[in-house]
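The values are calculated or read from the model by the stated rules, or taken from the named source; none is laboratory data. It should be emphasised that the depicted structure is a prediction, and the values quoted were computed from it without experimental measurement. Here the Cβ is made from the backbone with ideal geometry for all residues, glycine too, and neighbour counts use every protein chain on show. Calculation scope for accessible area: heavy atoms of the full protein, side chains included, ligands and nucleic acids excluded. Shrake-Rupley method; radii C 1.70, N 1.55, O 1.52, S 1.80 Å.
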Amino acid sequence: MPSRKDLKVLVVDDSITVRELMKQQLRENGIQNLSEAKSGTEAVQKYKTFLPDLVFLDINMPEMNGVQVLAKIMEFNPQAYVIMLSSLGTKEKISETLELGAKNFLMKPIKNENLEKIITDLTK
């Protein structure tokens with residue numbers, strides 16, 4: 001597993017505010033290699049070129065939602081490490097994304113201790 005400073009993280013959310021806050025939190029946790037996408041289509045393209053170790057993926061987005069993006073990422077790389085994000089978590093969406101291969105599901109705004117745990121687990 002990569003070290004914190006080498007960990008490549010992709011943040012996907014249609015809200016620039018959420019993307020900026022997440023990137024700030026990630027930097028505070030020692031993550032420097034960051035990329036972002038504002039739509040599902042862009043997320044799939046970025047995943048294939050950036051090849052991140054970790055993806056934070058919003059469920060509710062226009063064009064292609066997070067569930068569709070997750071399915072495409074898992075098709076491309078079945079070992080992808082994707083954490084789903086939502087402010088509107090529903091039981092169906094959570095179980096659907098976990099069945100598709102998401103590693104976890106976090107409610108927005110993301111608590112720093114949750115972010116820290118995910119990064120620690122990935123860099124052990």
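Within the set 95, 87, the sole residue that is hydroxyl-bearing (Ser, Thr, Tyr), farther than 21 Å from residue 112 by Cα and over 11 Å from the mean Cα position of the chain (by Cα) turns out to be 95. Residues that are surrounded by 15 or more Cβ atoms within 10 Å (Cβ to Cβ) and within 23 Å of residue 119 (Cα to Cα) within the range 56-76 comprise 56, 57, 58, 59, 66, 67, 69, 70, 71, 73, 74, listed in sequence order.
For residues in the range 31-42 being of a type in the set (A, V, I, L, M) and under 23 Å from residue 117 (Cβ atoms), which is modelled with the lowest pLDDT? Explain how you work it out, then say what you get.
Narrowing the range 31-42 to residues of a type in the set (A, V, I, L, M): 31, 34, 37.
Checking the rest, the ones that are also under 23 Å from residue 117 (Cβ atoms) come to 31, 34.
On the way: 31: 95, 34: 98.
Checked the range 31-42; the qualifying residue modelled with the lowest pLDDT is 31.
Total residues in the range 25-46 satisfying the condition of being open to solvent by 30 Å² or more (accessible area, probe 1.4 Å) and assigned to a helix (DSSP H, G or I): the figure is 7. Could you tell me whether the range 47-55 includes any residue that is surrounded by 15 or more Cβ atoms within 10 Å (Cβ to Cβ) and either without any contact (Cβ under 8 Å) to a residue 12 or more places away in the chain or farther than 17 Å from residue 9 by Cα (or both)? No, every residue in the range 47-55 fails to be surrounded by 15 or more Cβ atoms within 10 Å (Cβ to Cβ) and either without any contact (Cβ under 8 Å) to a residue 12 or more places away in the chain or farther than 17 Å from residue 9 by Cα (or both). Output the residues belonging to the range 50-78 that are part of a loop (DSSP other than H, G, I, E, B) and at pLDDT 95 or above. The answer is 51, 52, 53, 77, 78. Keeping to the range 79-124, report how many residues are open to solvent by less than 80 Å² (accessible area, probe 1.4 Å), in a loop (DSSP other than H, G, I, E, B), of a type outside the set (Phe, Trp, Tyr) and at pLDDT 95 or above. Of the residues in that region, 3 qualify.
Looking only at the range 1-13, count every residue that is open to solvent by 30 Å² or more (accessible area, probe 1.4 Å) and modelled with pLDDT of 95 or more and tell me the total. So the answer is 1.
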